[in-house]
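Comments concern the structure below.
Just so you know, all these numbers are worked out from the coordinates, no wet-lab data involved. What you see is a predicted model, and the numbers here were worked out from it, not measured in a lab. Ideal geometry is used to build each Cβ from the backbone, glycine not excepted, and the neighbour counts take in all protein chains shown.
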Amino acid sequence: MSFKLKKTLGLVDVFCIAIGAMISAGIFLLPGVAFSHIGPAIIFSYIVGGLLATLGILAVLELATAMPRAGGIYYFTTRSLGPLAGTISGVLNWSALSLKSAFAIYGMSQIIHIYVPSINPVWCGVFITIFFLIINLLSTAAAAWAERIMVFFLLAIMVIYAVLGFSYVQPARLTPIFFEGKNFIDIFKEAGFIFVAFGGLLGVISVAEEVRQPGRSLPLGILWGLLVVTILYGLLMYVTIGLVPADQLMGSQEPLAQAAKIHYGGIGYWILTIGAILAFVTTGNAGIMGAARYPVALARDGLMPKRFAAVMGKNDIPVPALLLTGSLMVGVQFLNLEHLVQVASTVVILSYILTNSAVLILRESGVLNYRPSFRTPLYPVVPLLCILLFSLLILRMGSTSIHLALLIVLGSVVLYYAYGRNIRRDTAFTHLLGRLTQNEIVTSELERELRDVVRSRDEFETDVFDESVEKSPAMVLKNCRSVRELFGIAADVFSQYTQLSARDLHELLIKRERMASTVITPGVAVPHITLPAEKNLFAMLLVKVENGVNFSRNAMPVETVVFLICSPDEKNRHIHSLAMIAQAILDPDFTKSWKKAHTSQQLKDVFLLAKRMRSNRK
């Protein structure tokens, strides 16, 4: 039994899972109801909804590329705001994805019931849920492969419908653009109503740990998916409104199939009905895949029973978490889903608020190892704007959905106090408070965890140089007056490793510097000496001189100093270390990270996470 998930998903998988998670009831069931609210202007509401989802997902992508771990929003919230907020976020998102997927399965079972009345829709939904559960239990790769096939068929059907139907659009049906009493403000308000059409997108983030090259695949796959879906939604709404008379479209439960039937007869109707079923299938499949990763993350952190963190079999499938998620989705088939879908929309919007808040906190916390591959543009304007816009959308959702969401929050609090009340976690919020109060955090669990995440994400293999860095002492000097004083401090440290006195070591360092400057690039020096009388000796010392020290009269003050001492038999390791140091300081992020480092571990982490060649050659 293992607790590590395999990286089996690529860019195409992310793209397909994102599209499959979005295209569902939001376009196959909601357009008729939404149209009855404001009229043809609903076309722009879908586009605005896509733009809002894009704005919100930017922060999610930043967090996901910095911390590609199972649990998505939960993981980010816990590391930024703490275990209680993380538990609430995890349970809310798990519920939202499970319920949205259950709703898609419910819609599919209702369609099947229409054409085969003898089939009980409830038990049909249960059977379909179990079918998806089995696919996901076989392997994530199998589920992703099935998702690819279904998404490509679905896209083909929808594109053909839009292209063929475009020439039949009657522009007169698109006027007046607003129903009486409605205006441009209602476009934004209605975007909140149809936001569920983009709601499944957050489920993709929860499988980030299983994505190969997440720094590239996640942003490209999700943003391309959003772009395709938003454009497609706009075209589909334009064609559908232009094809179907307003009195027939208002309140219709199958608007696209109805439009196809009017112009293409029974064949068109059946093709779009199959498209709707495929949409429900892709949402159900992607939803159960994404939702199951939330219990994995919660259990890993001790916020629910540990058994839900387990992955089993040769493909490392999170079996207990999948069974729990499947059980919830089966139970939901016996319930009225209308209010639960509204809750899912509210929770998704709340998740965007939480993630944008987390980005603000992490960026301002000074946590050194927070290193996203993708950064939210126009920071901090975009995160602050998102928090404002999504807060307004939540108010628009109505009291019923808010009250039901609060019940889920209450259950999350109970879960936290049952399992996680004694858990103490280092968070970005703690670092932010320390920065504001100038109370420096010397050791950091969060820094260590993020360092390991970056290593895993970038597939760094620990080499000999990494081992040397981890074992070496490191220090920050706030006020060093001269090279002689700096070398004296280094000599005192190295005297613990050799038979020579600190005074002798000091003289050897000074003598070596007089022979030739050890400044290898402006602001960086690597003083190094070989001790002929020693054996099996190799030691390193990392020093940050905050005020800078002048190694020569007209040179730039040096802030980064790496001392090396070795015996003759360790000469190869010595030369290899010099090469690794030179490569590390060429990393474009090195200087910025070094300036931000304020503790000995942070100094080490700058070298441990620097981009360079890695090998175990001594």
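Between Ser118 and Asp452, the simple label model (points 7 Å from Cα in the Cβ direction) yields a spacing of 5.7 nm. Assuming a viscosity of 1.002 mPa s and a temperature of 20 °C, what translational diffusion coefficient in µm² per second does Stokes-Einstein assign to the chain, Rh being the Kirkwood radius over Cα pairs? In µm²/s, the coefficient rounds to 80.
Estimated from helical segments only, the mean residue ellipticity of the chain at 222 nm is -21000 deg cm²/dmol, where each DSSP H run of four or more residues counts as -39500 (n - 2.57).
Computed about its Cα centre, the charge dipole of region 574-618 is approximately 100 debye, with only Lys, Arg, Asp and Glu carrying charge at their Cβ.
For the chain, a simple Cβ point-charge model (Lys and Arg +1, Asp and Glu -1, everything else neutral) yields a dipole of about 1000 debye relative to the Cα centre.
Note on Lys189 and Arg481: their simple-model spin labels are 7.3 nm apart, each label 7 Å out from Cα toward Cβ.
Once the Cβ-Cβ distance of Ile231 and Ser391 is raised to the sixth power relative to R0 = 25 Å, the FRET efficiency obtained is 0.35. For the peptides 487-494, 348-355, the ranking by mean Cβ contacts within 10 Å, running from highest to lowest, is 348-355, 487-494. Ordering 161-170, 99-108, 235-244 by mean Cβ neighbour count within 10 Å, with the highest value first, yields 99-108, 235-244, 161-170. Loop-located trypsin sites (Lys or Arg not before Pro) in region 201-278 (DSSP state not H, G, I, E or B) with no more than 16 neighbouring Cβ atoms inside 10 Å: Arg212. Peptides 422-435, 53-66, 504-517 ranked from most to least packed, by the mean per-residue count of other Cβ atoms within 10 Å: 53-66, 422-435, 504-517.
Given their separation in residues at 0.36 nm each and the Cα-Cα distance between them, Lys571 and Tyr497 gain 25.0 nm when the chain is fully extended.
Among the listed pairs Lys7/Lys306; Lys7/Lys535; Lys306/Lys595, which are separated by more than 32 Å between their Cα atoms? Among Lys7/Lys306; Lys7/Lys535; Lys306/Lys595, the Cα-Cα distance tops 32 Å for Lys7/Lys535; Lys306/Lys595. Placing R0 at 45 angstrom, the Cβ-Cβ distance between Arg512 and Arg216 gives a FRET efficiency of 0.50 after rounding to 0.05.
With the simple model of a label 7 Å out from the Cα in the direction of the Cβ, Leu174 to Leu578 spans 7.1 nm.
The aspartates and glutamates whose alpha-carbon is closer than 20 Å to the alpha-carbon of Lys571, local same-chain residues fewer than 8 away aside, are Asp463, Asp466, Glu467, Glu470, Glu513, Glu534. Estimated from the Cβ-Cβ distance and a Förster radius of 60 angstrom, the FRET efficiency linking Gln248 and Asp587 is about 0.45.
Legend: residue pairs Lys544/Lys592; Lys544/Lys604; Lys511/Lys544; Lys478/Lys604; Lys471/Lys596, Cα-Cα distance threshold 19 Å; pairs beyond threshold, Lys511/Lys544; Lys471/Lys596. For region 463-618, pairs of C-alpha atoms spaced more than 29 angstrom apart make up 10 percent of the total.
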